[in-house]
1. Sort out for me the helices (runs of 4 or more DSSP H) sitting completely within the stretch 217-334 that have 3 or more residues that are closer than 30 Å to Gly196 by Cα.
2. Tally time: how many residues in the stretch 10-60 are open to solvent by 70 Å² or more (accessible area, probe 1.4 Å) and under 53 Å from the mean Cα position of the chain (by Cα)?
3. Just checking, which of Trp179, Trp193, Trp188 is of a type in the set (Phe, Trp, Tyr) and either exposed (fewer than 15 other Cβ atoms within 10 Å of the Cβ) or over 19 Å from Leu138 (Cα atoms) (or both)?
4. Please state which of the following conditions Val143 fails to meet, knowing it meets all the rest: (1) farther than 30 Å from Lys85 by Cα; (2) out of contact with any Lys or Arg (no Cβ under 9 Å at 6 or more places or on another chain).
5. Which of the residues that make up the stretch 427-463 are β-branched (Val, Ile, Thr), over 15 Å from Ser409 (Cα atoms) and part of a helix (DSSP H, G or I)?
6. Residues in the stretch 386-403 that are open to solvent by 20 Å² or more (accessible area, probe 1.4 Å) and either closer than 18 Å to Asp422 by Cα or touching a Lys or Arg at 6+ places or on another chain (Cβ under 8 Å) (or both): how many?
7. Any idea which residue in the stretch 35-73 is modelled with the lowest pLDDT, counting only those that are assigned to a strand (DSSP E or B), in contact with a helix residue (DSSP H, G or I) (Cβ under 8 Å, 6 or more places away or on another chain) and not small (Gly, Ala, Ser)?
8. Would you mind telling me which numbered condition in (1) open to solvent by less than 40 Å² (accessible area, probe 1.4 Å); (2) assigned to a helix (DSSP H, G or I); (3) touching a helix residue (DSSP H, G or I) at 6+ places or on another chain (Cβ under 7 Å) Asp358 fails?
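The values are calculated or read from the model by the stated rules, or taken from the named source; none is laboratory data. All of these numbers come straight from a predicted model, not from anything done at the bench. Because the Cβ atoms are built from the backbone with ideal geometry, glycine has one as well, and the counts that use them run over all protein chains shown. Surface areas here come from the heavy atoms of the whole protein model, side chains and all, with no ligands, DNA or RNA. Shrake-Rupley method; radii C 1.70, N 1.55, O 1.52, S 1.80 Å.
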Amino acid sequence: MLARVMTTRKDDGAPVSIFALTGSNANDGHLAAGRNGVKRLRTVRHPNILSFLYSTEAETFDGSTTKVTIYIVTEPVMPLSEKLKELGLKGNQRDEYYAWGLHRIAKAVSFLNNDCKLVHGNVCLASVVVTQTLDWKLHAFDVLSEFDGNNESSVGPMLQYDWLIGTQYKPMELLKSEWATIRKSPAWAIDSWGLGCLIYELFSCTKLSKTEELRNTASIPKSLLPDYQRLLSSTPARRLNSSKLLENGEYFQNKLLETIQFMEILNLKDSVEKDTFFRKLPNLTEQLPREIVLKKLLPLLASALEFGSAAAPALTALLKMGSWLSSEEFSVKVLPTIVKLFASNDRAIRVSLLQHVDQYGESLSSQIVDEQVYTHVATGFSDTSAFLRELTLKSMLVLAPKLSHRTISGSLLKYLSKLQVDEEPAIRTNTTILLGNIAGYLNEGTRKRVLINAFTVRALRDTFSPARGAGVMALSATSSYYDIVEIATKILPNIVVLTIDPDCDVRKKAFQAVDQFLQIVKQHHDKTSTGDTSTTSMGTSSIPGNAGLLGWAMSSLTLKGGKTSEQNLNAPAISSVTLASAVPDASSNHIVADSASIKPVHISSGADVADHPIPVSPASSDGWGELESGIHEGHDSDKDGWDDINPQEEPKPSPSLANIQAAQRRPVSQPKPQGTGLRGKTTLKMSKDDDEDLWGSLAVPAPRATSQPLNSRANKKVDDDDPWAAIAAPAPSSKPFNVKRSGALDDNDPWAAIAAPMPTSSARPSIGRGRGTKPAAPKLGAQRVNRTSSGM
C-alpha cells in the first residue's frame, strides 16, 4: 500500500514528501514493482517529472511476520485530485489551468516515449501530482519499462508489472496481452491512450470506472476533442503522438500558458521583448487565477529580478502581486528580493525602487533599513540626475523613521544640508518640507542646532518663492519644538519680513505664521502675568486655522532646456503626493500633513528664480550671497560638504528698497562709544565635527559694531560648544541693524548708524570711502577740515 506524508528535513528544515510502500514479505510483487519505480525515478530527470531526493527500506517485526517498507523522499507534492478540489477554479480560469497542466504532462510523456524510449504504462489522474508552485508532475514509475519493439525475438511481456494497471486504463491490445502487436506499434501507443484517460477524468471530474465511459465526450472542450479522439484510436499505429498534441495551438494558446512560458525562457528574450512584456504584466495578472499568480508567477518574477534577467518595469508587477499577500508572506517572498535590488547598479531599477517605496517601506525592519538599505539609497543624494536626487529625498519620508539617531545626525542631515542649496529649486523646497516632517525623529539637541537655522537662514531667504513658503509652513508646523525666547528673537523677526514678500502666497503664509507665533507669545504673557510658570507644548494643534501642512511642493522636476529628468531615465513622472498618512499627529510633537496645505507647484525650468526681489532680513546687513561667498575657503568638502556650493545671486532690489539701501550706505561720522556694551571681536573657527556643523558654514552672525568687514568671517571664532551659532539668526536688540564698516556708534541713538546724514557744509564724506556717493566739488576760500574721521 502506497501512502504519502508531508514533513521537513532535519538538516535545513525544507519541506518534503515521503511515500511509503509496505509489503507483507520480502517476495511481495508490490515491493518488486516499488523497487523498480525507485530505480527509474532516481535515474530519469525532467522538469515535469517528480524530483527524487533519496530512498530507504526498513524491516518491521509484527509477531511472527516480517514487514518490509520502502520509503521514497521527494519534493513536496499533493495529488492532483485533491489540489483541484482545494483550488476550486471555475470557468475560463479553470480551463486555462487545465491547459497548462496537460501541457506539462504531455511534455513529460513525450520525453519518456520519444527521447528515452520508455513506456510509462499507467498514465492517469492518479499518476499526476502538484508541487507547491502548482506545477503538474508525472510520477508512479512502478510499471515503467523499456520499449523493445526492435527485438522481434522477444515473446514475453514487455511490461513486467502490467498487472498493476487498472483494466479501465488498458488499451485493447494490452488488455488482451498482444505483445507482438504492442512491439510493432509506436512507442507512444500505450501512453497516448493513458493521456486520453487523463483528459477524460480531468474534465468529467470523475474517476474512470470502465473503458466504455471514454466515449462520453460532452465535457471535453471542442478545441481539444479531435486530438482526444485520436489519442483513443482503436488502432495503435494511428494514435496521436504526445509531441503532436503539444502542437495544438488552438487549445494550448491562452494567457496563462503564454505568460508562464515567457517567464521560463526569459534569458532568451531581448530587451525590447522584456520591456513590453513587463509593462503589460501588472494588468495581465488581474485576469489570471490569483492562486497561480502568487504561487507560480511571483517566485519566477522574484528570481528573474534577483539575478538580473528582468527589466525595471518588472518591479511594478512584483509589488502588485505582493500586495495580495499577507504581511508575513510578503516579508518572506518579496522583501528579500527588494533588499537585494537596492545594491543594483541599474539606475532604472533604483528609480523604480524609490518610486514605489511607500508600498513596501513599512514592511522593512529598522535594522534592515539602517544596515542594508540606507547605504545604497544614500548614493542617490549626490547623483548627477536631479530626478534621482528628488526621488531619494522623498523616499526618506518613509525610511527616516527607521534610521538610528546616529545615522540621521551623522549622515542624513549632512546630505540634506547640501540639498537645501541644490541648484534645483524643487529639491531645495522639498528638502525643507522633509526636514519639517522628520523633525519629530530628531533628538532635542539636533533639533535646536538644525531647525531654526535651516528654516530661517536658508528657506526664508531662498530666491524661489515656494521654498520661502515651505520654510514659513515648516516653522509653523514645528512650533512646539521652540521655546519662547527663540520664537521672539529668532523666528518672528524673520517671518515678519516676508509679510511684504513679492509673492502673494508667501505673504499669506507669513501672516498666518505671524498670527500663530504671536498667539503663542501672548499665551506665554498671560501665563506669566497670572503667575502660572507651568510649561505646556505649543504645537500646531493649539493654533486655530492651521490644520496641518507639508505635502510635497513639487510633483516633478524639469531640467534646463525643457527636457524633464524623467525622460533622461525613461521613467514616468512622479505624481504629487501628500504626507498625511505617513506623518504622526501634531499633538505628539510631530507634523501633520494635509493635502490642502501645500498645492503641487509645477516649474518650467530648474534654473528659474523668483522674478521679484526678496526683502532684506533685519538680522543681516550684508546679504545672503555675500555671506556664502566669503566662508568656504580652506575647508574639506568631505568634512562639511560646502566647498562645491556656489552662492546664489541676489536679485536686483526694487527702486524704493534701493533708495533705502543707498541711504544706509552713506558714511556717517559717529563718536566712539563710551561703554563696553558692544560685542568684542571674535574669530570664526569652523567645527570639524561632521555631526554638528552641517548648516554652520552659511551662518548669519548677530549684528556687531566693528570696523572689520562682515565677509571676513573665515578668520573669526565662535563658541565651540555651539557650532550652530555661526548661522543662528540674531535677536533684535537696541544695537543698529546695519552697522557701518568704518563708523562708530552712539549708544543713545541706535538708529543713527543707518540714518541719512543731515545736509551741512561743515562736513563732507571722505573721498573714496562711500560706495554710492561722489566727492563734493571743491569750494573757493578757506574751509574747516573735519578731523574726526571714521578711521580714528
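1. 225-231, 242-245, 249-252, 255-264
2. Total satisfying the criteria: 11.
3. On the way: Trp193 fails: either exposed (fewer than 15 other Cβ atoms within 10 Å of the Cβ) or over 19 Å from Leu138 (Cα atoms) (or both); Trp188 fails: either exposed (fewer than 15 other Cβ atoms within 10 Å of the Cβ) or over 19 Å from Leu138 (Cα atoms) (or both).
Every option except Trp179 fails the conditions.
4. (1)
5. At the first step, the residues of the stretch 427-463 found to be β-branched (Val, Ile, Thr) are 427, 429, 431-433, 438, 446, 450, 452, 456-457, 463.
Those left that are additionally over 15 Å from Ser409 (Cα atoms): 427, 429, 431-433, 452, 456-457, 463.
The answer is Ile427, Thr429, Thr431, Thr432, Ile433, Ile452, Thr456, Val457.
6. Selection size over the stretch 386-403: 1.
7. Val68
8. (1)
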